[in-house]
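Asks: Provided herewith is a single structure, encoded as structure tokens, for subsequent inquiry.
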Amino acid sequence: MLNGNGPALKVVVAGGSLGGLFNAIALRSLGCEVEVFEKSSGLMKDRGAGIVFQQEVAEFLTQYEVAPLEAVVVPVRARRYLAADDSVAQEGRMPQAMTSWDVLYRKLRAAFSNDHYHVGAPLTGFEPADGKVNVRFDDGREVTCDLLVGADGPSSTVRRQLLPDVRSEYAGYVAWRGVVLEHQAPDLAAEFVDRFTFFQAPHTHILCYLIPGPDGSLTPGRRRLNWVWYLNASPGEELDRVLTDKDGRRREFSVPQGFVAPDMLDWLHQQAHHTLPQTFLRLVEATGDPFVQTIHDLAVPNMAFGRTCLTGDAAFVPRPHTAASTAKAAANAIALADCLTAAKGDVVEALERWEPAQLDLGRRLRLLGQRLGDRSQFGK
């Protein structure tokens with residue numbers, strides 16, 4: 001018990017996605033009374049997006065006994081680059097492991113009690129009071145806690161109250177993404193098994209790797225092909241067209257599966273014919289419901305605010321070329337638990353210890369992502 005003989009620390013985690021669950025599980029392991037509040041109703045939607053499995057996530061799953069690593073990853077043994085004529089331009093041994101958002105979410109969600117995970121509960125505001133934090137929710141509920149963890153993602157309500165002038169910045173390009181069930185395209189899947197495959201051309205690149213199946217299966221034939229294709233889209237009319245869904249609604253940051261407008265899907269296929277080698281062309285055409293996300297940079301000047309902190313994508317959103325967003329969220333959570341232990345439950349001291357290294361991590365990943373993305377998309 002961090003408070004010695006006193007009552008357990010009460011923690012409110014705003015956001016029930018990966019970042020929120022990382023923090024909830026780590027802090028609960030210290031004896032904290034943790035309540036997670038997720039604005040979405042019910043189980044969060046299966047996004048089916050691939051994740052490069054980094055060491056920080058492996059350490060978290062092992063340290064907190066969430067899941068054995070072999071139950072969540074598809075191994076990759078080589079990295080391969082295709083040429084425009086579909087020949088292999090380069091290939092070399094580079095072992096990695098791949099997983100998916102939905103598999104990680106389900107494992108983390110199962111490791112945290114349903115009784116303390118509240119859905120359909122948007123946070124509306126908070127304020128410090130008498131050495132505590134009073135947190136208000138949309139349903140009229142108010143909760144008093146010792147620590148408020150803002151893990152509510154890129155559109156964080158916690159961040160907007162703390163840092164109202166901080167905004168994400170559009171990077172000038174988008175990521176088209178899709179998944180194909182392995183058994184539905186076995187010949188095509190064979191091209192990507194055991195490989196992390198890329199194709200690079202001026203101002204664009206595409207990549208593909210296998211991830212677990214929709215049910216988490218790692219069995220060959222029941223997995224999924226996961227691809228990401230980066231294409232430039234200028235702010236204004238061009239970006240508006242990309243983000244206008246099939247119902248004519250202009251989305252803010254992304255168009256989810258099943259909502260891409262038919263004319264944009266036709267455009268995507270035309271671009272694939274003009275740009276991609278045959279292997280990747282077949283992959284894009286085999287995808288029934290691709291989706292698109294804008295690439296943004298987001299960085300905060302501070303992550304600790306007395307008894308409140310910002311963590312994961314609520315603080316820094318590195319570009320996906322770093323393959324580090326999920327790993328950063330896990331690292332933030334592990335470090336917060338470690339600092340709270342070192343500070344013997346003193347929340348303010350713990351956050352003061354925690355913040356400098358986490359700011360440094362976020363800034364380094366931001367610069368790395370900008371360098372990688374600007375080089376591939378704009379030739380900088």
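Asks: Work out from phi, with θ = phi - 60° and the Karplus expression 6.51 cos²θ - 1.76 cosθ + 1.60, the ³J(HN,Hα) of each residue of the range 250-264, listed in order in whole Hz, and give x for Gly and Pro.
Replies: 8, 6, 7, 10, 7, 10, x, 4, x, 10, 5, 5, x, 5, 6
Asks: Okay, moving on. Kindly flag which residue pairs out of LYS132/LYS328; LYS328/LYS380; LYS39/LYS380 have an alpha-carbon separation exceeding 31 Å in this structure.
Replies: Beyond 31 Å: LYS39/LYS380.
Asks: With all protein chains present and a 1.4 Å probe, how do THR287, THR341 order by accessible area, largest first?
Replies: Result, largest first: THR341, THR287.
Asks: On full extension of the chain, what length is gained from THR279 through TYR81, given 0.36 nm per residue of separation minus the C-alpha to C-alpha distance?
Replies: Length gained between THR279 and TYR81: 70.1 nm.
Asks: Can you show me the helix-derived [θ] at 222 nm for the chain, built from DSSP H runs with n ≥ 4 at -39,500 (n - 2.57) apiece and divided by the number of residues, rounded to the nearest 500.
Replies: Using -39500 (n - 2.57) per qualifying helix, the result is -10000 deg cm²/dmol.
Asks: Tell me which label goes with the value of Cα extents along the principal axes in Å computed from the coordinates here: [x] 68, 44, 37; [y] 58, 48, 47; [z] 70, 50, 40.
Replies: [x]
Asks: Separate question: Run through the DSSP bridge list for the chain and note the antiparallel percent, rounded to the nearest 5.
Replies: Looking only at bridges with both residues in the chain, the antiparallel portion is about 75 percent.
Asks: Straight-line reach from LYS344: which aspartates and glutamates have Cα under 14 Å away, leaving out those fewer than 8 places along the same chain?
Replies: Qualifying aspartates and glutamates at Cα under 14 Å: ASP146, GLU352.
Asks: Just how far, in whole angstrom, is the range 37-109 from the range 239-279 if you go by their alpha carbon centroids?
Replies: First find each Cα centre; the distance between them is then 25 Å.
Asks: Oh, and also: Go ahead and run the numbers for FRET between LYS380 and ALA71, Cβ-Cβ distance against an R0 of 41 Å, rounding to 0.05.
Replies: About 0.50, to the nearest 0.05.
Asks: Let me ask something else about it. Could you state how much accessible area ILE206 has, in square angstrom rounded to the nearest 10, with a 1.4 Å probe and all protein chains kept in place?
Replies: Solvent-accessible area, nearest 10 Å²: 0 Å².
Asks: While we're on this one: Which lysines, on any chain, are close to LYS246 with Cα under 22 Å apart, when same-chain ones fewer than 8 places away are left out?
Replies: Qualifying lysines at Cα under 22 Å: LYS45.
Asks: As a test of reading the structure, rank LYS328, LYS10, LYS380 by solvent-accessible area (1.4 Å probe, protein chains only), most first.
Replies: My answer, sorted largest first, is LYS380, LYS10, LYS328.
Asks: Continuing with the same structure: Tell me, what % of the accessible area of the chain is carbon and sulfur with a 1.4 angstrom probe?
Replies: 49 percent
Asks: Quick one: what are the phi-derived ³J(HN,Hα) couplings along the range 174-187, Karplus 6.51/-1.76/1.60 with θ = phi - 60°, whole Hz, x for glycine and proline?
Replies: 3J(HN,Hα) across the range 174-187, in whole Hz: 10, 10, 7, 9, x, 10, 10, 5, 4, 6, 7, 9, x, 5.
Asks: I would also like to ask the following. Post the alpha-carbon centroid distance, the range 135-204 to the range 338-380, in whole angstrom.
Replies: 17 Å
Asks: With a 1.4 Å probe and all protein chains left in place, how much accessible area per residue does the range 62-113 have, in Å²?
Replies: So the range 62-113 comes to 51 Å² accessible per residue, rounded to a whole number.
Asks: Oh, and also: Can you tell me how much longer the chain between SER40 and ARG141 gets when fully stretched, taken as 0.36 nm per residue apart minus their C-alpha distance, in nm with one decimal?
Replies: Full extension from SER40 to ARG141 adds 34.8 nm.
Asks: On to the next question. Convert each backbone phi in the range 65-81 into a coupling constant with the Karplus relation 6.51 cos²θ - 1.76 cosθ + 1.60 (shift: θ = phi - 60°), then list the ³J(HN,Hα) values in order as whole Hz, x for Gly and Pro.
Replies: Computed from phi, the couplings for the range 65-81 are 6, 7, 6, x, 4, 5, 8, 10, 10, 9, x, 10, 9, 9, 10, 9, 10 Hz.
Asks: Distance in nm between label sites at ASP360 and GLN161, each 7 Å beyond Cα in the beta-carbon direction?
Replies: 3.1 nm
The values are calculated or read from the model by the stated rules, or taken from the named source; none is laboratory data. Remember, it's a predicted structure, so these values are computed and weren't measured experimentally. FYI the Cβ positions are ideal-geometry reconstructions off the backbone, even for glycines, and counts take in every protein chain you see. Note: areas computed on protein heavy atoms with side chains; ligands, DNA, RNA excluded. Shrake-Rupley method; radii C 1.70, N 1.55, O 1.52, S 1.80 Å.
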